[in-house]
Amino acid sequence: QLVPSPHGSSFSWRACFKADPKSDGTDQPAGCNENPSELGRAPAVEKDWVPDVKMIRKMYIYGKDVNDNPFPPPLAEELCENIGVRGEKQGDTNKECVRESMIRTTGALNSTTVTITPSNHYGESNSAKNSITVPAPKLMCLVYTMADAHANRIRAMQQTWAGGCDGFLAFSTESDPRLPAISLEHEGPEAYENMWQKVRSIWKFVGAHYLDDYDWFFIGGDDLFVLPHNLKTYLASLTHKDGTDPKSKEYFVGRRFNPGGNDYFNSGGAGYSLSQATLRKFFAAMDDARHCSADKRTSMEDVMIARCLRHLGIHFTDTRDAKGRERFHPFAPGSHLHWKPPKPGQARDWYEDYNKEWGILEGKDCCAPDSVSFHYIKKASMVRHMQALLYSCDINNE
């Protein structure tokens, strides 16, 4: 449902796009839903608090938040317009990609079923195109962040795509049960260069409290846009194709990279999923300093977990569709649509190097119609714009 701006003609959503991506929202005008003063102080929680990660899902299905307000809040019609990264009326390359690559949602966010096509996997020999409807797998979404993103990016996620996850929890520097977000202790400082230790603490907490409640666990940063129903559809299609159960079969699913040799990993920027069986095995082995880098301090959390899982005999899954189009994306939609390899004499591109084994499809074939995730969606206003484009706007008949 789209609505006119509640602030009338005096307010334009374009103003919300002009903030610095690192802004905590204090400089944002009323109406952007990003200012920390609007969120207020977080209620106190007990030291051993275990969040209700199903809270957003329950509000989404019920259609009301805890204060009986409509949930999710309706998006403004203006968010369907062409909006560049700084609010321009031209240069909306994200919208261009959604249209040109025909990216669509596979179902409503509150749906409990998915319609799958088991043949839509790269290299799949089964030529049957028949689709079947099956129960959706249970998915928990995990986001690592910091407190200065609570009022903007995390709140935007909560009010848009997070309700499509059966469980959602942000791991932050402060706890806030309204989001929900929890602050966990971990080895070393709270710093990008120590991301691996933060992610280890996340997986340890999730393994201890939620392991048996979900079939799949998806993790990424607070600048990630996710299409949860598309992810559930892909995961259900994968296990149906293989005749497996994520509770007993190990899967490591995301956007595979190879910087060289046998050091394959799934991009942390694009987000990646572990099946319940994989998390169970990793949870038991994660304190192995020799094989699972338990003591290492590094930003390369995606490389570290891939090495540990490889030691455990768990390898990546090729997540391309039948036509070789990618589903998990380390950049924003427009960046993928317009990506070109460097010309002779130009500097090498790490993205091309990491994908040499598979190649990179250019233009509209950059992204599968049932794409799952996009990285570098740094502004809360862009999260809402993306949500509107994918779930509410008729962008093909403008």
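The values are calculated or read from the model by the stated rules, or taken from the named source; none is laboratory data. Just so it is clear, the model here is predicted, and its values are computed rather than measured. Because the Cβ atoms are built from the backbone with ideal geometry, glycine has one as well, and the counts that use them run over all protein chains shown. These accessible areas exclude ligands, DNA and RNA; they are computed on the full protein's heavy atoms, side chains included. Shrake-Rupley method; radii C 1.70, N 1.55, O 1.52, S 1.80 Å.
Values for this structure:
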quantity	calculated
Relative contact order (%) - criterion: Cα under 8 Å, at least six apart; region: the chain	21
Pairs beyond 22 Å (Cα-Cα), from 323/379; 58/138; 18/54; 232/323; 54/247	323/379; 18/54
Where only C-alpha atoms are counted, convex hull volume of segment 281-398 per residue in Å³	189
Extended-chain gain in nm, criterion 0.36 nm per residue less alpha-carbon gap, residue 263 and residue 249	2.8 nm
Spin-label model distance (nm) - residue 284 vs residue 77, 7 Å beyond Cα toward Cβ	5.8
Dipole moment magnitude, nearest 20 debye, segment 26-166 about Cα centre, only Lys, Arg, Asp, Glu C-beta charged	460
Global geometry of segment 319-386, whether rounded, prolate or oblate, following the gyration tensor of its Cα atoms and the 1.5 cut on a/c	oblate
Interchain or long-range residues, amide H under 5 Å from residue 182's placed H	170, 171, 172, 176
Computed lengthening from residue 340 to residue 49, 0.36 nm per intervening residue step minus Cα-Cα distance	100.0 nm
Karplus-derived 3J(HN,Hα), 6.51/-1.76/1.60, for each residue of segment 67-80, Hz, glycine and proline x	9, 6, 8, x, 9, x, x, x, 8, 7, 4, 4, 5, 7
Stretch gain in nm, segment residue 350-residue 61, where the contour uses 0.36 nm per residue and the Cα spacing is subtracted	99.8 nm
Per residue accessible area in Å² of segment 224-374, where ligands, DNA and RNA are left out and the probe is 1.4 Å	39
Extreme residue, positive dipole direction of segment 131-273, given options 272, 230, 183 (C-beta unit charges)	230
Segment 52-113, dipole about Cα centre (Lys/Arg Cβ +1, Asp/Glu Cβ -1), debye to the nearest 20	300
All-pairs alpha carbon distance profile, the chain, 20 Å steps from 0, percent	28, 61, 11, 0
Simple Cβ-charge dipole of the chain, Lys/Arg +1 and Asp/Glu -1, about Cα centre, in debye nearest 20	640
Centroid-to-centroid separation of segment 40-114 and segment 237-304 [C-alpha atoms, Å]	27
Rounded to 5, the percent of DSSP beta bridges in segment 100-220 classed as antiparallel	30
Beta bridges by DSSP in the chain, antiparallel share as percent, to the nearest 5	45
Accessible surface of residue 395 - all protein chains present, 1.4 Å probe, nearest 10 Å²	10
Segment 187-299 shape via C-alpha gyration tensor axes, a/c threshold 1.5	prolate
Accessible-area ranking of 41, 320, largest first, probe 1.4 Å	41, 320
The chain: calculated mean residue ellipticity at 222 nm from DSSP helix runs of at least 4, using -39500 (n - 2.57)	-7000 deg cm²/dmol
Rounded percent of accessible protein surface that carbon and sulfur make up, segment 330-398, 1.4 Å probe	49
Cut-off 11 Å between beta-carbons: net charge of the residues surrounding residue 120, Lys and Arg +1, Asp and Glu -1	+3
Segments 217-226, 296-305 sorted - mean Cβ within 10 Å per residue, highest first	217-226, 296-305
Cross-link reach list, lysines versus residue 47, counting only Cα pairs under 22 Å and skipping chain neighbours closer than eight places	198, 204
Principal axes of segment 126-242: Cα extent on each, largest first, Å	52, 27, 24
Exposure ranking of 174, 352 by accessible area [1.4 Å probe, largest first]	174, 352
Which of 85, 369, 164, positive extreme of dipole for the chain (C-beta unit charges)	369
Shape of segment 215-365, Cα gyration tensor, a/c cut at 1.5	oblate
By accessible area with a 1.4 Å probe, ligands and nucleic acids excluded, highest first: order of 398, 88	398, 88
Built amide H within the under 5 Å cut-off of residue 255, gap 5+	267
Separation of the residue 357 and residue 69 label points, Cα + 7 Å toward Cβ, nm	4.7
Accessible area (Å², 1.4 Å probe, nearest 10) - residue 133	90
Residues residue 100 and residue 122, FRET efficiency given R0 of 35 Å [Cβ-Cβ distance, rounded to 0.05]	0.95
Computed label-point distance, nm, for sites residue 201 and residue 133 using a 7 Å Cα→Cβ extension	4.4
